[in-house]
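Here is the structure we will look at.
The values are calculated or read from the model by the stated rules, or taken from the named source; none is laboratory data. Fair warning: this is a prediction, and the values are worked out from it, not measured in the lab. Reconstructed Cβ throughout: ideal geometry from the backbone, glycine too, with neighbour counts over all protein chains shown.
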Amino acid sequence: MASSIGTRLVEAVAARDQLGLAACFKPGATFRALIPPGLRERTEADDAAALVVGWFADSTEFELVESRTEEVGDRVHVAYRFEGVEDGEPYVVEQHLFCAVADGLVEAADLLCSGFRPRERE
């Protein structure tokens, strides 16, 4: 269960694929995200996907550098880290999702985000 939906989620975020990400969620799924400006909540798959993809839409570079998926009791934990560039500024960002999954799709997800943290260019 964990590896399949986790892989699909990460691949969709990495590709900034809004339709692919929405397809990971059940219709009517709930999504809560704690990001540095505060809590964001969405109650539909399309709205949740648009929110996540929108965070990275202005990045001119965007590379997945690490990800993992594991089960934590009855939840799926998905974590990923990206390095990117936005407005000429290099950043690193890490997000963790804890998901309730039913029939292979996310029905509820809680996300915690590091925010875009400055990084040195290589």
I'd like to check which helices (runs of 4 or more DSSP H) are fully inside segment 1-87 and have at least 2 residues that are exposed (fewer than 15 other Cβ atoms within 10 Å of the Cβ), at negative phi and of a type in the set (Ser, Thr, Tyr).
2-15
Scope segment 88-122; condition surrounded by 15 or more Cβ atoms within 10 Å (Cβ to Cβ) and part of a loop (DSSP other than H, G, I, E, B); matching residues
116
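To keep it simple, each residue is scored yes or no on (1) at pLDDT 95 or above; (2) more than 19 Å from residue 103 (Cα to Cα); (3) touching a Cys at 6+ places or on another chain (Cβ under 9 Å).
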site: 9; (1), (2), (3): yes, no, yes
site: 15; (1), (2), (3): yes, yes, no
site: 21; (1), (2), (3): yes, no, no
site: 32; (1), (2), (3): yes, yes, no
For residue 37, which of the numbered conditions (1) of a type outside the set (Asp, Glu); (2) touching a strand residue (DSSP E or B) at 6+ places or on another chain (Cβ under 7 Å); (3) at pLDDT below 95 fails to hold?
(2)
If residue 46 meets every condition in (1) closer than 19 Å to residue 27 by Cβ; (2) of a type outside the set (Phe, Trp, Tyr); (3) in contact with a Cys (Cβ under 8 Å, 6 or more places away or on another chain) apart from one, which number is that one?
(3)
